[in-house]
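The values are calculated or read from the model by the stated rules, or taken from the named source; none is laboratory data. These figures come from a predicted structure and were not determined experimentally. Cβ atoms come from the backbone with ideal geometry, glycine included; neighbour counts cover every protein chain shown. Calculation scope for accessible area: heavy atoms of the full protein, side chains included, ligands and nucleic acids excluded. Shrake-Rupley method; radii C 1.70, N 1.55, O 1.52, S 1.80 Å.
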Amino acid sequence: MTGRTRVPVSAGLPDFPWDSLAEAKAKAESHPDGIVNLSVGTPVDPVDPLIREALASVSEVPGYPTTHGTPELRAAAVGALARRYGVTGLDPAAVLPAIGTKEAIAWLPRLLGLGADDLVVIPEVAYPTYEVGALLAGARVLRADGTMRLGPESPALIFINSPSNPTGKVLGIDHLRKVVDFARQRGAIVVSDECYLGLTWEAEAYSILDPRVCDGDHTGLLAVHSLSKTSNLASYRAGFITGDAALVAELLEVRKHAGMIMPFPVQAAMTAALNDDAHENEQRERYRARREVLLPAVRAAGFTVDNSEAGLYLWATREEACRDTVDWFADRGILVAPGDFYGPGSRRHVRIALTATDERIAAAATRLTA
């Protein structure tokens, strides 16, 4: 008697994109002046001392933390969203810490009970984890930037991302209002990935929870926020979900059972980061300065930079296959991400990150303009 053949979960997922960059990375690393790695959006600047002090201050606490997070953390999140982005009317109970927002996004469709009969809508050019989240839930996936593409379909969940990773595109108030109205007519949940909301350069970005977008009604709306970019806390895995109180309560119940608990010292560090705007403003200006060095160099090298109004990336093309562009950069010791990571409609672009030291950004600019 033979047992059932096990199908690995990974068999239903795409290959991990960055694994395909090994050859280009090796080429870039061979440059005499070393590699300039602009392929990933990982912070390189130090964590602010006030955040590190908050982390250390509770390092002796031995007990289990709560899945819901401390009252201080939830209050700090509500306060930060109000000060920084004009979000009002949030109940601190409707804030839920997440062990990094990639984890939160990947499991949201499953934790919300979606399955094979459900449709998840993701942007046409998108961060890969939106699709992964739908696949983990066994749901169908449709790439669409506008509601017209959906026809009579009634999706269960719509992911939006403004400012966008990878394109840096910002969605205006009118567009966001249309998405909210459509979702409410069709009974869909809207999940807005707002990890780059604090990094705008040429356009104003809005939260899905902004009263100008949702008229102060958070029903059916979830916003996902990360401290990885604005506070350099990628290694801390510090993010949170907020919005519709009923949906957050549902997620909380499941996450309590699953043990999805943010470590207590990280909760303290997040609280300090959310209560302080000075370090965030300082980090934003670092990225602005790097963008002002890199953007003209990319253009001088013959590239068109599309969108890129906000966020940590330049979305560049010279109308050739993106892997050819990756090789061109690698010949100059620079590693960038190919557009095909982000969907079939972006195979002629590359994503160039601003997340390198001032010295490495300057080196890249010199090589591009030589």
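Looking at the square roots a ≥ b ≥ c of the eigenvalues of the Cα gyration tensor of region 48-119, which shape do they give, rounded for a/c under 1.5, prolate if a/b is larger than b/c, or oblate?
Oblate, since a/c reaches 1.5 and b/c is not below a/b.
Site pair Ser57 and His257 shows an inter-label distance of 3.7 nm when each label is modelled 7 Å from Cα along Cα→Cβ. Figure legend: label point modelled 7 angstrom from the Cα of Val40 along Cα→Cβ; residues of region 316-336 with amide N under 14 Å from it are 335-336.
Projected onto their three principal axes, the Cα atoms of region 1-151 cover extents of 53, 52, 51 Å, largest first.
Projected label points at Arg318 and Glu124, each 7 Å from Cα along the beta carbon direction, are separated by 2.5 nanometres. Here the 3J(HN,Hα) profile of region 132-139, calculated from phi with Karplus coefficients 6.51, -1.76 and 1.60 at θ = phi - 60°, is 4, x, 5, 5, 4, 8, x, 8 Hz, Gly and Pro shown as x. Using alpha-carbon positions, what is the distance between the centroids of region 321-370 and region 144-212, in Å? Value for the Cα centre distance between the two parts: 27 Å.
Each residue of region 187-195 is assigned a 3J(HN,Hα), and the resulting list reads x, 9, 8, 9, 10, 9, 7, 10, 4 Hz, derived from the Karplus form 6.51 cos²θ - 1.76 cosθ + 1.60 (θ = phi - 60°), x at Gly and Pro. Hey, how much of the P(r) for region 183-289 falls beyond 25 Å, as a percent of Cα pairs? Here the long-distance tail beyond 25 Å is 30 percent of all Cα pairs in region 183-289. FRET efficiency for the Arg299 to Asp15 pair, using the beta carbon distance and R₀ = 35 Å, is estimated at 0.60. Per residue, the accessible area of the chain comes to 42 Å² when a 1.4 Å probe rolls over the protein heavy atoms.
Please find the FRET efficiency linking Glu103 to Glu359, where r is the Cβ-Cβ separation and R0 is fixed at 30 Å, and quote it to the nearest 0.05. Working from the Cβ atoms, E equals 0.40. Projected onto their three principal axes, the Cα atoms of region 65-200 cover extents of 43, 32, 29 Å, largest first.
Indicate the gyration tensor shape class of region 80-141 (rounded, prolate or oblate), computed on the Cα atoms with a ≥ b ≥ c the square roots of the eigenvalues: a/c under 1.5 is rounded; otherwise a/b larger than b/c is prolate and the rest oblate.
prolate
Here the gap between Leu50 and Glu250, fully extended at 0.36 nm per residue and compared with their Cα-Cα distance, gives a gain of 68.7 nm. The stretch between Ala93 and Arg288 holds 66.7 nm of extra length on full extension. This uses 0.36 nm per residue minus the Cα-Cα distance.
Give the percent of DSSP beta bridges with both residues in the chain that are antiparallel, rounded to the nearest 5. Restricted to the chain, the bridges split so that about 55 percent are antiparallel.
For region 308-334, list residues with backbone N below 16 Å from a point placed 7 Å from the Cα of Arg348 toward its Cβ? Flagged as within label range: 315-326.
Express the relative contact order of the chain as a whole percentage, based on alpha carbon pairs under 8 Å and six or more residues apart in sequence.
26 percent
For the chain, the tally of Lys pairs with Cα-Cα distances below 30 Å comes to 13, considering only residues 8 or more apart or on different chains. Between Thr366 and Ala116, the C-beta separation translates, for a Förster distance of 45 Å, into a calculated FRET efficiency of about 0.30.
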